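Below: one structure, written as structure tokens.
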Amino acid sequence: MRDAVTSLIRNYDVTGRYLDRNAIDSLKSYFDTGIARVQASAVINANAAAIVKQAGLQLFDELPELIRPGGNAYTTRRYAACLRDLDYYLRYATYALVAGDTDVLDERVLEGLRETYNSLGVPPGPTVCGIQILKAIVKETVAEAGITNTAFLDQPFDYMSRELSEKNL
Ligand SMILES: CCC1=C(C)/C(=C/C2=NC(=C\c3[nH]c(/C=C4\NC(=O)[C@H](C)[C@H]4CC)c(C)c3CCC(=O)O)/C(CCC(=O)O)=C2C)NC1=O
């Protein structure tokens, strides 16, 4: 599993280069957002249950067919599995935020997910919709906590969304 620093060092080491201007700029931007990343992740941790609950309500409000007979989140067990998946996306997003790198998402979340979702008929479009709702609630919650300069918040959610939609589950 890599973070912003180990990814960068790995890239430079492969070609035996010293850290150049680009490397320094990229490290600087990571360290400049470091405290805000940690603070944002603390705010998310403290509100995780509420964020997931609200995201689920909003998702099923927007796409009520998911929880009707024939919908993939229909039945208590599948409803709960869907909320649990949202919770996974949120938790791993906080790891990626602190790491400043999406590698943890590839390794722990997205690997093999396509096959699993395919075989269970979990629909990719609505899943991406759920991830985007999570993102919106996270941004609002973090902003309400008074943390500014949080452009980095989008990255893990958009990355997971892109990977899920591009892979055309
Ligand atoms: C940490 C990495 C990780 C992920 C991401 C993960 C996802 C994951 N979601 C699953 C199921 C599921 N996932 C969903 C999710 C949904 N259905 C919908 O209609 C909605 C769009 C969506 C919620 C947003 C549902 C309903 C199931 C149960 C499907 C079934 O068993 O029929 C399963 C099958 C096994 C199980 O039920 O536990 C996995 C592995 N597991 C992991 O370990």
(request) Rounded to whole Hz and in sequence order, give me ³J(HN,Hα) for region 89-96 from the Karplus expression 6.51 cos²θ - 1.76 cosθ + 1.60, θ = phi - 60°, writing x for Gly and Pro. (result) 4, 5, 4, 5, 4, 5, 5, 5
(message) Let's test the formula: R0 of 22 Å, r as the Cβ-Cβ distance of Asp158 and Glu111. What FRET efficiency results, to the nearest 0.05?
(response) 0.75
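DSSP loop GluC sites (Glu not before Pro) in region 75-168 with at most 15 other Cβ atoms within 10 Å of their Cβ, which ones?
Values: sites: Glu107, Glu111, Glu115, Glu140, Glu144, Glu163, Glu166; in loops: Glu111.
Hits after loop and neighbour filter: Glu111.
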(request) Scan around Asp101 for amide H atoms under 5 Å from its own, H built in the peptide plane at 1.01 Å from N, and keep only partners 5 or more places away or cross-chain. (result) Ala4
(request) Please give, to one decimal in nm, the separation of the simple spin-label points placed at Arg91 and Leu57, each 7 Å out from Cα toward the Cβ. (result) 2.3 nm
(message) Please list, in order along region 100-110, the HN-Hα scalar couplings obtained from phi with the Karplus expression 6.51 cos²θ - 1.76 cosθ + 1.60 (θ = phi - 60°), rounded to whole Hz, x for Gly and Pro.
(response) x, 7, 8, 4, 4, 6, 4, 6, 9, 10, 8
(message) Suppose each label sits 7 Å from its Cα in the direction of the beta carbon; what would the Ala50-Glu144 distance come out to in nanometres?
(response) 0.5 nm
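The numbers here are math on the coordinates, done by the rules we state, and not lab data. Note that the structure is predicted; figures quoted are calculated from it, not measured. Neighbour counts are summed over all protein chains in view; Cβ atoms, including those assigned to glycine, are modelled from backbone coordinates with ideal geometry.
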